[in-house]
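Participant: Below you'll find the structure I mean.
The values are calculated or read from the model by the stated rules, or taken from the named source; none is laboratory data. For clarity, every value in this text was computed on a predicted model and none was experimentally measured. With ideal geometry, Cβ positions are generated from the backbone for all residues, glycine too; neighbour counts draw on all protein chains shown.
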2 protein chains.
Amino acid sequence: MQPQIDAADSVRRWDDVKVEQIAEGIERQMIVGEKLMVCRLRFRPHVVTAVHSHPHEQLTLVEKGRVRFTIGGSERIVAPGDVLHFAPDVPHGATMLDEEVVLIDIFTPLREEFLPAR
Amino acid sequence: MQPQIDAADSVRRWDDVKVEQIAEGIERQMIVGEKLMVCRLRFRPHVVTAVHSHPHEQLTLVEKGRVRFTIGGSERIVAPGDVLHFAPDVPHGATMLDEEVVLIDIFTPLREEFLPAR
């Protein structure tokens with residue numbers, strides 16, 4: 001038998017999702033599934049995120065602002081409408097240019113280290 | 001040694017991604033990773049997608065327009081800024097209301113049936 005699903009439980013609004021300040025000039029919201037999660041990140045202009053890597057696969061949608069990405073040793077400036085794909089373990093970092101930036105980061109599996117201790 | 005990654009290979013623009021008409025009034029674009037894929041779907045007003053389910057986990061971002069979703073037997077109207085989560089095998093269907101709709105569907109694993117035969 002199909003388990004009972006209430007549509008209301010399946011829908012979230014970004015406006016109602018808790019905003020965490022995770023570093024100076026960086027705010028993060030998260031919607032977490034089973035093996036899929038989406039993070040909405042808001043960055044102040046000129047914020048730099050250090051080059052890092054993780055075993056999780058990542059897609060990033062650029063919603064607002066221009067960003068210089070370093071990806072595996074080369075660079076690329078991205079803008080709204082661009083989509084980035086990071087295979088597992090590919091090093092990447094970002095430098096926000098001169099405006100506020102909003103990125104949608106999608107991961108599989110979950111970034112467990114982002115979640116509250118359970 | 002880290003494999004050589006060219007940043008340009010990691011970035012796509014929606015404007016440059018092939019648009020497929022998959023049904024009357026439905027256009028789909030896809031960006032495909034290893035276990036993660038994102039589909040941008042554009043629907044004409046009033047298009048209905050039948051209730052269906054799949055073993056893939058899904059997140060849907062509402063980018064444009066209002067949609068009445070049926071999810072596991074109940075209904076909910078969503079709008080831009082809403083995010084839907086469908087656990088594996090949860091039945092869902094959508095009725096576009098009176099304007100064009102753009103949805104971003106994210107899946108893990110890949111919807112192999114969407115891909116060209118390989």
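Participant: Looking at A:111, A:76, A:68, which is the one that is of a type outside the set (Val, Ile, Thr), at pLDDT 95 or above, farther than 19 Å from residue B:36 by Cβ and surrounded by 16 or more Cβ atoms within 10 Å (Cβ to Cβ)?
Facilitator: Testing whether each residue is of a type outside the set (Val, Ile, Thr), at pLDDT 95 or above, farther than 19 Å from residue B:36 by Cβ and surrounded by 16 or more Cβ atoms within 10 Å (Cβ to Cβ) leaves just A:76.
Participant: Also, I was wondering about something else. Residues in the range A:13-39 that are among the basic types (Lys, Arg), surrounded by 15 or more Cβ atoms within 10 Å (Cβ to Cβ) and within 19 Å of residue B:86 (Cβ to Cβ): how many?
Facilitator: Matching residues across the range A:13-39 total 1.
Participant: Same structure, new question: So how many residues does the range B:47-85 have that are on the phi > 0 side of the Ramachandran plot and touching a strand residue (DSSP E or B) at 6+ places or on another chain (Cβ under 6 Å)?
Facilitator: Total satisfying the criteria: 2.
Participant: With the range A:6-71 as the region, which strands (runs of 3 or more DSSP E) entirely inside it contain at least 1 residues that are in contact (Cβ under 8 Å) with a residue 40 or more places away in the chain and within 11 Å of the chain's Cα centre (by Cα)?
Facilitator: Result: A:26-32, A:37-43, A:57-64.
Participant: Please enumerate the residues belonging to the range B:29-83 that are among the basic types (Lys, Arg) and over 18 Å from residue A:61 (Cβ atoms).
Facilitator: Scanning the range B:29-83 gives B:44, B:66, B:68, B:76.
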